[in-house]
Each structure stands twice: as structure tokens, then as C-alpha cells.
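Asker: Before I ask anything, let me first share the structure, which is written out below as C-alpha cells.
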Amino acid sequence: MHELSLMSQLLADATAAAEGAPIHALKVRVGPLSGVVPEALRFAFESLIPGTPAANARLDLEETPLRFHCLRCHADYATPLGLYNCPQCGATDSELRGGNELELISIEVPDHV
Ligand SMILES: [Zn+2]
């Protein structure tokens, strides 16, 4: 299950960004083409956090839609999986602009006193 190694990397990034502070929450963006199953990612998270600065952290997954740029009318639009036509002109020759991301967006750490 590759979610385990991906989550391990996200946690390493978060821990480095927190500079030793306990982490309250991690926000991760997951696109439908990332090949990652959100539930598997959550499971990986729960199994990896004990003993880390993120031991009590919450995982916020932001699931993004597919995003396209229409090459005919230049509209940018988001669409669920399976629907690719441009909603403005109906063109099917759109360029994929997003949907394959798996990235750490932000972390929450305690406020400095
Ligand atoms: Zn269009």
C-alpha cells in the first residue's frame, strides 16, 4: 500500500516545518488522479503518528476536483470524474490543469507564547 510511504513523507515534511513543536493538524490536498485512496491515507496516518510530534494531530483531507482549461474558449473549469466537456462551449479538447496533486498545504501548531 503506497499510501503508507506517501503519508510517511507528508509527515516528515510536516515535522520538519513544525521545527519540533507538537502538530495539532495537517491539511493535505488530494486530487482524484493522484492514485491515492483518501481512506487508505487516513489509515496510514493513524498508524504512523504514535510517538511523533503529530501523535494527537487531526488530518484534514481536502479532496479537489479535476480542473481543466478549455483550449477553444479558454474557460477554466472544475468537473467531477467522468465529465470532461467544457461547460461553456462543449469542447472536448481541454487541457488537464489539476487533479493529480498530493501535497501538504498547511499545518497547525500551538501559538507562540
Ligand atoms: Zn470551452
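None of the figures in this text is laboratory data; all of them are computed from the coordinates on show. Note that this is a predicted model, so its numbers are computed, not measured. Glycine also receives a Cβ, built like all others from the backbone with ideal geometry; neighbour counts cover every protein chain displayed.
Asker: Using Cα-Cα distances under 8 Å and only pairs 6 or more residues apart, what relative contact order does the chain have, in percent?
Answerer: 36
Asker: Could you work out the relative contact order of the stretch 63-113, using alpha carbon pairs under 8 angstrom and six or more residues apart, expressed as a whole percent?
Answerer: Across the stretch 63-113, relative contact order equals 36 percent.
Asker: Still on this model: Name the residue, out of L48, L83, L26, whose mean-square fluctuation peaks in a Gaussian network model built on the chain with Cα pairs under 10 Å.
Answerer: L83
Asker: Still on this structure, I have one more. Positive end of the charge dipole of the chain (Lys, Arg +1 and Asp, Glu -1 on Cβ, about the Cα centre): tell me which of A16, N100, S47 has its Cα farthest that way.
Answerer: Going by the Cα projections, it comes out as N100.
Asker: Here's a follow-up. Using each residue's phi in the stretch 42-50, evaluate 6.51 cos²θ - 1.76 cosθ + 1.60 at θ = phi - 60° and report the 3J(HN,Hα) Karplus result to the nearest Hz, with x for Gly and Pro.
Answerer: So the Karplus estimates, Gly and Pro as x, are 4, 5, 4, 4, 4, 7, 9, 6, x Hz.
Asker: Would you please state which residues of the stretch 90-113 a label at A75 would reach in this model, taking the label point 7 Å out along Cα→Cβ and a backbone N cut-off of under 18 Å?
Answerer: Zone members listed by number: 90-98.
Asker: Okay, next question. Treating the angle as unsigned and between 0 and 90°, give the value, to the nearest 10°, between the Cα long axis of helix 3-18 and the longest Cα principal axis of the chain.
Answerer: For helix 3-18, the angle is close to 60 degrees.
Asker: Using just the helices of the chain, give the 222 nm mean residue ellipticity in deg cm²/dmol: DSSP H runs with n ≥ 4 each add -39,500 (n - 2.57), and the total is spread over all residues, rounded to 500.
Answerer: Values: 2 runs with 27 residues, N = 113.
Using -39500 (n - 2.57) per qualifying helix, the result is -7500 deg cm²/dmol.
Asker: Projected onto the charge dipole of the stretch 72-113 (+1 at Lys/Arg Cβ, -1 at Asp/Glu Cβ, origin at the Cα centre), which of V109, G90, A78 gives the Cα projection farthest towards the positive end?
Answerer: G90
Asker: Also, I was wondering about something else. Give me, ordered by chain and number, the residues 5 or more places off A75 or on other chains with an amide H under 5 Å from its own placed amide H.
Answerer: Distant-sequence amide H within range of A75: C70.
Asker: If you take the C-alpha gyration tensor of the chain, multiply each eigenvalue by 5 and take the square root, what semi-axes do you get, largest first, in whole Å?
Answerer: Values: eigenvalues 240, 45, 18 Å².
Whole-Å semi-axes of the equivalent ellipsoid: 35, 15, 9.
Asker: Computed FRET efficiency, Cβ-Cβ of E63 and Q9, R0 22 Å: what is it to the nearest 0.05? Before the final figure, lay out the partial values.
Answerer: Working: r = 19 Å, r/R0 = 0.87.
Approximately 0.70, to the nearest 0.05.
Asker: About the Cα centre of the chain, what is the dipole size in debye to 20, counting +1 per Lys and Arg Cβ and -1 per Asp and Glu Cβ, all else neutral?
Answerer: 240
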